[in-house]
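The values are calculated or read from the model by the stated rules, or taken from the named source; none is laboratory data. What you see is a predicted model; the values in this text were computed from it and never measured. Because the Cβ atoms are built from the backbone with ideal geometry, glycine has one as well, and the counts that use them run over all protein chains shown. SASA here: full protein model, heavy atoms, side chains in, ligands and nucleic acids out. Shrake-Rupley method; radii C 1.70, N 1.55, O 1.52, S 1.80 Å.
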Amino acid sequence: MADQASSSSVNNEELERAIALKFSCPTCDKYLYPPIGQCRKGHAFCPKCFDRMNRCLFCLSARSRTRCSVLEQLNEALQFPCRFANRGCTFKTKSSEIADHEVRCEHSVLVCPLRFNNCDWSGRRAQLIAHCLKTHPMNIYFSPTQQLLAKKFNDLKDRKYFILFNVYDSWFRFNWSLDSNTGTVLFTMYRLGTKPTQMKFGYEIKFVNPTQRGNKVVLRGICHKLEDEDVVFLPDKHVYADYDVMIYYCDAEGDLSYTVSIYRSSAFGGIS
Ligand SMILES: [Zn+2]
Ligand SMILES: [Zn+2]
Ligand SMILES: [Zn+2]
Ligand SMILES: [Zn+2]
C-alpha cells in the first residue's frame, strides 16, 4: 500500500491540482511538505511553522510526535503548481522545491525595491531591470564597484539614499541614511530576495580626502539577506559613521564622493 502511494502519481491534472491545493499550511499559506507536523487532533503544518509553535493554533492541543505518513507519501507523489499559475506559469514540482522556483519565477509579481524613492511600480520579476533602467537610471548599477557622489553632503539635513546593484546574479540594495539629530550616517547593503545561495557577500565603502589623497577611511560590512524589502534597517545589520568625520571628505563644493564595492566573501578571507 505504501509503495503504491509513493510510486504512482496521479494523472488527472484537475484532480491533482485540487489535491495539491489542499496541502496548504494554515499558518503561512505555503504548501505543506515533509516532515508534515500535526497536533494531537490532526491539524497539519509545514515544518517551519510547526517548529515555531508549542501548541496548535486552532485547537490549542499539544504537538503530536507522530507524523502522518500517508499524508507525506501522498504529498511526495504530487506535482505542485507554481503560485503564479494564474499569471501564466506552467511550472510544477515537488512541494519542497516549489519555493526555490517561485522566488525566481518570471511570472512572479514584485514591488519595486526602490519604493522609498517614491516609486509605486509593481510588475513581473523579468521586467525589473527594464523598469529600473527607465525610471531609476541613476540608481541601478551592474558592476560590483561603483564610484558615487552625494551632492551637497555638507548641507546637514535628514536624508535617505537608495540604489540597486544587480551583480553576481543577485540583487543588492545599498542605502545610507543621515540622521541630522544624532549626526550619524548609517549604511546598509542587503541582498534581496529569498533565493538560496551558498555564496556570502561583503561590501566596502571608501572615502578619500580630496585634498590629501593618502587620507582615506574604509567601512566594511556583510551583505545580510533582506527578505522583506519594506524594511530599511535590520537590527544591528548596518555600519555607521559620524557626520562630522565624513564632512572632512567632502570637496570644496560640499559634495562627497565615495566608492562602493561588493565582494564575494572569500575576497575578505571568509565571512561566515
Ligand atoms: Zn507554514
Ligand atoms: Zn489542532
Ligand atoms: Zn512560476
Ligand atoms: Zn521603481
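Quick rundown of the values:
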| item | result |
| --- | --- |
| Single unsatisfied condition, Cys49 versus (1) in a helix (DSSP H, G or I); (2) open to solvent by 20 Å² or more (accessible area, probe 1.4 Å) | (2) |
| Test: residue in segment 81-90 that is at pLDDT 90 or above, within 16 Å of ligand 4 (Cβ to nearest atom), open to solvent by less than 60 Å² (accessible area, probe 1.4 Å) and assigned to a loop (DSSP other than H, G, I, E, B) | no |
| Counted residues, segment 179-194 - those being over 30 Å from Val103 (Cβ atoms) and touching a residue at least 24 places away in the same chain (Cβ under 8 Å) | 4 |
| Candidate set: segment 174-212, residues that are of a type in the set (S, T, N, Q) and assigned to a strand (DSSP E or B); chosen: the one nearest to Ile247 (Cα to Cα) | Thr184 |
| Condition broken by Val260, with the remaining ones in (1) in contact (Cβ under 8 Å) with a residue 24 or more places away in the chain; (2) open to solvent by 60 Å² or more (accessible area, probe 1.4 Å) satisfied | (2) |
| So Leu78, is it open to solvent by less than 100 Å² (accessible area, probe 1.4 Å), at pLDDT 90 or above and within 30 Å of Ala126 (Cα to Cα) | yes |
| Test: Arg191 is in contact with a Ser or Thr (Cβ under 6 Å, 6 or more places away or on another chain), charged (D, E, K, R) and not assigned by TED's automatic domain parsing to the domain that holds Leu234 | no |
| Only listed residue being aliphatic (A, V, I, L, M), open to solvent by 70 Å² or more (accessible area, probe 1.4 Å) and modelled with pLDDT of 95 or more, chosen from Leu156, Leu148, Leu133 | Leu133 |
| Residue within segment 182-191 that is closer than 17 Å to Leu149 by Cβ, modelled with pLDDT of 90 or more and buried (at least 18 other Cβ atoms within 10 Å of the Cβ) present | yes |
| In segment 96-125, the residues that are under 16 Å from the mean Cα position of the chain (by Cα) and of a type in the set (A, V, I, L, M) | Ala99, Val103, Val109, Leu110, Val111, Leu114 |
| Matching residues in segment 215-251 - criterion: being in a loop (DSSP other than H, G, I, E, B) and touching a residue at least 40 places away in the same chain (Cβ under 8 Å) | Cys223, Glu229, Asp230, Val232, Phe233, Leu234, Lys237, His238, Tyr249, Asp251 |
| Residue in segment 97-106 that is touching a residue at least 24 places away in the same chain (Cβ under 8 Å), in a loop (DSSP other than H, G, I, E, B) and within 16 Å of ligand 1 (Cβ to nearest atom) present | no |
